[in-house]
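First the structure, in the form of structure tokens, and then the observations on it.
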Amino acid sequence: MKKILIATDGSESAHEALEFGLDLAAEQDAHAFVLHVAPRVDAVPYASFTVITPTIPHELSEHDREPLKEAVQIAGRKGVDIKTVLLKGNPADEIVAFADTIDADLIVVGSRGHGVIASALIGSVSRGVLHESRRPVLIVRGAHVAAEAGAEVGVPA
């Protein structure tokens, strides 16, 4: 393995995926790329009862850069050199496209651990990446996330 792409959104599950991906990059002596995808547009609060929600182009901010700053700090503690990338758009599409651009050997993403019903209704970035990518995808699902998901569907943790 020479190139590992780790996607992050700053969530707890993404943090666990980041830790795992950086450890794997160190173990494999691979180049690590950490990617965060910001939205292309922001919804504008609107007081009307229209079906269409008005949007404006998203302006990148420090909030968008925060997950990458965290990644740099964690990688520094682990002694892993990384390259960070900030893109705008649909997260699953951008992750897969960027992985293709760098010819990644592996894509690492976190799983939020939604229950079965929530995942079916809202989908997930990890599912989208898994579905779209022709590259190996590793979905990191932490122990505490799995326990919470089990509790949602009535399975003992």
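The values are calculated or read from the model by the stated rules, or taken from the named source; none is laboratory data. Keep in mind that this is a model prediction, so the values were computed, not measured. So basically every Cβ, Gly included, is an ideal-geometry build from the backbone, and we count neighbours across all protein chains shown. These accessible areas exclude ligands, DNA and RNA; they are computed on the full protein's heavy atoms, side chains included. Shrake-Rupley method; radii C 1.70, N 1.55, O 1.52, S 1.80 Å.
How do the pairs read when you match residues in segment 3-15 that are closer than 7 Å to G110 by Cβ with residues anywhere that are open to solvent by 40 Å² or more (accessible area, probe 1.4 Å) and not acidic (D, E), using Cβ under 8 Å and keeping only pairs 6 or more apart or on different chains?
Between residues of segment 3-15 that are closer than 7 Å to G110 by Cβ and residues that are open to solvent by 40 Å² or more (accessible area, probe 1.4 Å) and not acidic (D, E), the close pairs are S11/R112; S13/R112; S13/R141.
Any residue at all in segment 42-57 that's among the β-branched types (V, I, T), open to solvent by less than 70 Å² (accessible area, probe 1.4 Å), in contact with a strand residue (DSSP E or B) (Cβ under 8 Å, 6 or more places away or on another chain) and farther than 21 Å from L130 by Cα? Walk me through it before giving the result.
Just the residues of segment 42-57 that are among the β-branched types (V, I, T), to begin with: 44, 50-53, 55-56.
Next cut, open to solvent by less than 70 Å² (accessible area, probe 1.4 Å) only: 44.
When the remaining residues are screened for being in contact with a strand residue (DSSP E or B) (Cβ under 8 Å, 6 or more places away or on another chain), the result is 44.
Still in the list and also farther than 21 Å from L130 by Cα: 44.
Within segment 42-57 (the criterion being among the β-branched types (V, I, T), open to solvent by less than 70 Å² (accessible area, probe 1.4 Å), in contact with a strand residue (DSSP E or B) (Cβ under 8 Å, 6 or more places away or on another chain) and farther than 21 Å from L130 by Cα), the answer is yes, since at least one residue qualifies.
Give P39, P67 a once-over and let me know the one that is touching a Pro at 6+ places or on another chain (Cβ under 9 Å) and touching a residue at least 24 places away in the same chain (Cβ under 8 Å).
So the residue among P39, P67 that is touching a Pro at 6+ places or on another chain (Cβ under 9 Å) and touching a residue at least 24 places away in the same chain (Cβ under 8 Å) is P39.
Please pick out the residue among V41, V37 that is within 17 Å of A92 (Cβ to Cβ), among the β-branched types (V, I, T) and at pLDDT 95 or above. Steps first, please.
Values: V41 fails: at pLDDT 95 or above.
Answer to the check: V37.
Filter segment 75-105 down to the residues that are under 16 Å from the mean Cα position of the chain (by Cα) and open to solvent by less than 20 Å² (accessible area, probe 1.4 Å), then identify the one that is farthest from R40 (Cα to Cα).
Among residues in segment 75-105 that are under 16 Å from the mean Cα position of the chain (by Cα) and open to solvent by less than 20 Å² (accessible area, probe 1.4 Å), the one farthest from R40 (Cα to Cα) is A104.
Which of the residues that make up segment 10-33 are modelled with pLDDT of 95 or more and outside any helix (DSSP H, G or I)?
D29, A30, H31, A32, F33
Got a number for residues in segment 92-127 being in a helix (DSSP H, G or I) and at pLDDT 95 or above?
Here the count works out to 11.
Please count how many residues of segment 64-74 are open to solvent by less than 80 Å² (accessible area, probe 1.4 Å) and either within 14 Å of A38 (Cα to Cα) or of a type in the set (D, E, K, R) (or both).
The total comes to 4.
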